[in-house]
1. Hey, can you tell me all the residues within region 371-393 that are touching a strand residue (DSSP E or B) at 6+ places or on another chain (Cβ under 6 Å) and part of a helix (DSSP H, G or I)?
2. Restricting the search to region 17-39, which residues are out of contact with any Pro (no Cβ under 6 Å at 6 or more places or on another chain) and of a type in the set (Phe, Trp, Tyr)?
3. Residues of region 198-234 being part of a loop (DSSP other than H, G, I, E, B) and either in contact with a helix residue (DSSP H, G or I) (Cβ under 6 Å, 6 or more places away or on another chain) or within 16 Å of VAL10 (Cβ to Cβ) (or both), which ones?
4. Pull up region 455-482, narrow it to residues that are touching a strand residue (DSSP E or B) at 6+ places or on another chain (Cβ under 7 Å) and assigned to a helix (DSSP H, G or I), then point me to the one that is farthest from LEU636 (Cα to Cα).
5. Report every pair of residues separated by at least 6 positions or lying on different chains whose Cβ atoms are under 6 Å apart, first residue within region 501-528 and in the same structural domain as GLY561 (by TED's automatic domain parsing) and at positive phi, second of a type outside the set (Val, Ile, Thr) and part of a helix (DSSP H, G or I).
6. Do you know which of the residues in region 11-23 that are in contact (Cβ under 8 Å) with a residue 60 or more places away in the chain and more than 16 Å from LEU182 (Cβ to Cβ) is nearest to the chain's Cα centre (by Cα)?
7. Quick one: count up the residues across region 1-36 that are assigned to a helix (DSSP H, G or I), of a type in the set (A, V, I, L, M) and either loosely packed, with under 14 Cβ neighbours inside 10 Å or touching a Lys or Arg at 6+ places or on another chain (Cβ under 8 Å) (or both).
8. How many residues are surrounded by fewer than 22 Cβ atoms within 10 Å (Cβ to Cβ) and either in a loop (DSSP other than H, G, I, E, B) or within 17 Å of the chain's Cα centre (by Cα) (or both) if we restrict to region 431-454?
Amino acid sequence: MPDSLDIVIVNYNSTDYLLRCLRSIFDAARGIAVKVWVQDNHSRDNVDRVSRAFPQVRLTKNHSNLGFARAVNQALKESCSPYVLILNPDTVVNEGFFEKALAYMDSHGKTGVMGPRILDSDGTVQGSARLFPNLMTALFGRKSLLTKIFPNNPVTRENILTGRSDGITPMEVDWVSGACMLVRRKAIEDVGPMDARFFMYWEDADWCRRMWLGGWRVVYFPQPSVVHYVGVSSGKNVVRSAVEFHRSIYRLFKKYSQKPDLFLTPIVYWGLVYRLLFVLTFQSVGRLFHGLETPPHRTRAVSVRSSDDRIKVVRFIARLNIGGPSIHVHLLTTGLDNSRFHSILVAGRISSQEGDMSYLFERDSSAKPIIIKELQREISPAMDMKAFFQILRILRQEDPDIVHTHTAKAGTSARIAVILYNLVGGKHIQMVHTFHGHVFEGYFSPAKSLMFIWIERLLAMPTDVIICISKTQKRDLSEKFRIAPVAKIKTIPLGFDLKPFLRSDAVKGRFRSSLGVSDDTLLVGIVGRLVPVKRHALFFDASKIFLEQNPSIKVQFVVVGDGELRESLETYAEQKGLSEHVRFCGWRRDLPQVYADLDILALTSVNEGTPVSIIEAMAASTSVIATDAGGVFDLLGPQDGHPDSEGFVVCKRGILCRKEDAAGFANGLAYLTDMDADKREALVRESRTFVEQHFSEGRLLKDMEALYLELMGKRHGRN
C-alpha cells in the first residue's frame, strides 16, 4: 500500500457532519498517513471549529461558493499522493475502508476510479454505481417520484447497478458517486481534473466518462464502505440544489451528444424544465402555503377578497413588446367593467432588441403591471425557475378566480403554476389562454416545432377555454395541429381603440414631410418587428423586382419597426441595390401619421395570428397587400377577382399573395398600383367599414366579459 493518501472534502454549511467525518477518517486510517484538504465554500456555520479540533487538516476558506468541482480542483493542484479520495462531509468512513480500498487499487493498475459501497444511515445500500444517464434517467432516477411510486420498475433496476452486486465481487460500471470515490493520480494527470462548469451534481458522471474515454476502468468495489447522510449540504438550499441538478444533467447531455441525438436537445431541455417545476413545487408545498413571504412588489392583503365580490382576473403576458398582444392586454386590463371585474396584469421583461409598449400604462398608475424580471424572452433554466416561483407567489397573494394567459412562454409557465396551485391548494382557478399567433411554423426546426405542439396539446387539456383570434386560426388549432377539440376553442377577434386611425386624415402629410418624400411618390410601407418570421428579405426581393419592372414609377419603401435583424436587413437592402429606395424608420409611436401617408401597407410574414398592422391600415383607409399567413385571409376576405396565375389574388379588402413568392408579391404590388381609382376607393371603404364593425374595443370587452361571466357561472351578473 502507498505510504500516504490525499483526501479532499468540499464543505458547505455542513460543519457538524464534517467534524464527525474527520473523526471517522483518522480513526479508520490507523498507520496510513492521510493528508486531508477541506475546501470550504463560504459556510456560515463556524467552519473554524475544524482547525481547532483537527489542526492537521488543511482548511481553505473560499470567499464565495465555488461549486463542488472547482473546489475539488483547488485541492488537486496542491496534493501529490498516488491516490486521492473524494469524500462528502456528510459521510462516515467505516472500519477497514482504507486497507481494502488501497489494496484493490494497488493490485488493479488500470482502474482509474473505484467507488465503494455507500450506505444510508439505516443501512440500506445506496444506488451509487450506475449506467450513464439517458432520456429515461430523469423520470426513473434513484430519487425520482416515479421510482418512489414504482421502486421495482425495470428502468430503475437497469440504470442503478448496485442491485446487481453480490456485495463482495468488484464490477465494472459506467460511473460511481462522487460522495465517495478513490481516484488514481495518474488517471487524473491523464484525463484532467473535474470539469468546473458543473457547479454541483453530475461532475462525477462526467469525470468517469472521461476516464473510460481515456482508457481507465471505473469499478464498483463493495467490500469497503461508508455511510452517507444524503443531501445535508444541498438541503440548505433546496431550490438552488434542484436547479443545479437539472442544469448539470442538461450540460452533460449537451457535452456528449452526437449529431444523430442533437435533434433531441429541445425535447430534453423542456423535459428537464418540467421535471424541475414539479420537483420544486412538491418540495415547497409547506413553504408555499404556510411560510412564503409577501412579494416585495405588492402589499395588498389577501383578505381583500372578503370585501370584494368582483371577479378577479390575473392576466399573464411574457413581455410588453411592440405589437398586438401588448395593445390587447392593455385594453383588457384597463377596459373591463370595474364594478364586476378586478383585473391585474403580470408581465415579463423586454429584451434590449425590442420596442417597449409599457408606456400604454403611464396614464393609469393603478393599472400598471407587476413586472417579473425573470420572465423574459430568452431561455434560461435558472431564470425560468425564478419566474415560475414568482408566479406561484402572485397566485397565492392574489387568489384569482380566473388566470388568463397570453403568448407562449407566459402561457406555459403560468398554466403549469395554476395546475399545481389548484392541485396542492385545493383551489379551482379557471384557466383561459389566448393564441395571438403560434410558434408551430416559421420559427423553429421541425423537431422543435413538434415539441411545442405536444406541449400545447398537454397544456390544453386542463385549460378551460382556449381563445383564438380568427376563424383560420381556429381551424389550424383544432384540425391542422390538433391542439384542442373545437368545443374548447372560442373565437374572439382582437379589439382596438381605432379612433386615431379612423381620424388619421387630420395628420396627413406629416410623415412624408419628416422623410422628405413628395406627394407624387408612391409610398409602400411594412410595419412590424424585424424578426425572421416577418420575412422582410422577401419584401426587399419583391421591391427589387417591382422597381426593375416599373422603372418609371417614383417609389419609396419604408420599414417601420426594429429588432434583432435590423443590421443584417440594412446590409441586405444595400446589397440588393435598394439604398436609394428603402428607409429604415425604427419604432414610431405616431402610427396614425404613418398610415395616413402610406399608399400601400405590405406584409410578407410566413406565420401570423391577426396582424394588427393590417387592421390599423384598413382603419386609416390604406390599401393592403399581404401574404396568406394565419388570419390574414380572414381580414382580406373572399376572392373578388383575378386568378392566382401570377402569384396573387384580389380579395374583397386587399391583395393576397402566396408565401415565400417574391415575384408574385411584386406582381400583386404592380396590380394594386395600377388599380382603377374607383375600384381602389371601394376596396379601402369596404376595409374601413369591416374593421370598424369587427375590431372595436367595445366589442372585444363585451365578448370577454361575457366569457368570464360564463366561466364563473354568471354569479356576478346583474339583475
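1. The answer is MET383, LYS386, ALA387, GLN390.
2. Taking region 17-39 and keeping what is out of contact with any Pro (no Cβ under 6 Å at 6 or more places or on another chain), we get 19-20, 22-39.
Selection gives PHE26, TRP37.
3. Step one: of region 198-234, the residues part of a loop (DSSP other than H, G, I, E, B) are 198-202, 214-216, 229-233.
Listed by number, the residues that qualify are PHE198, PHE199, MET200, TYR201, TRP202, GLY214, TRP216, TYR229, VAL230, GLY231, VAL232, SER233.
4. It comes out as ALA460.
5. Taking only residues 6 or more apart or on different chains, the pairs are GLY528/LYS534; GLY528/SER613.
6. Among them, the one singled out is TYR12.
7. Residues of region 1-36 assigned to a helix (DSSP H, G or I): 15-29.
After this cut, where a residue has to be of a type in the set (A, V, I, L, M) as well, the list is 18-19, 22, 25, 28-29.
So of that shortlist, the ones also either loosely packed, with under 14 Cβ neighbours inside 10 Å or touching a Lys or Arg at 6+ places or on another chain (Cβ under 8 Å) (or both) come out as 19.
Result for region 1-36: 1.
8. Number satisfying all stated conditions: 15.
The values are calculated or read from the model by the stated rules, or taken from the named source; none is laboratory data. Small disclaimer: the values here were computed from a predicted structure and weren't measured. Because the Cβ atoms are built from the backbone with ideal geometry, glycine has one as well, and the counts that use them run over all protein chains shown.
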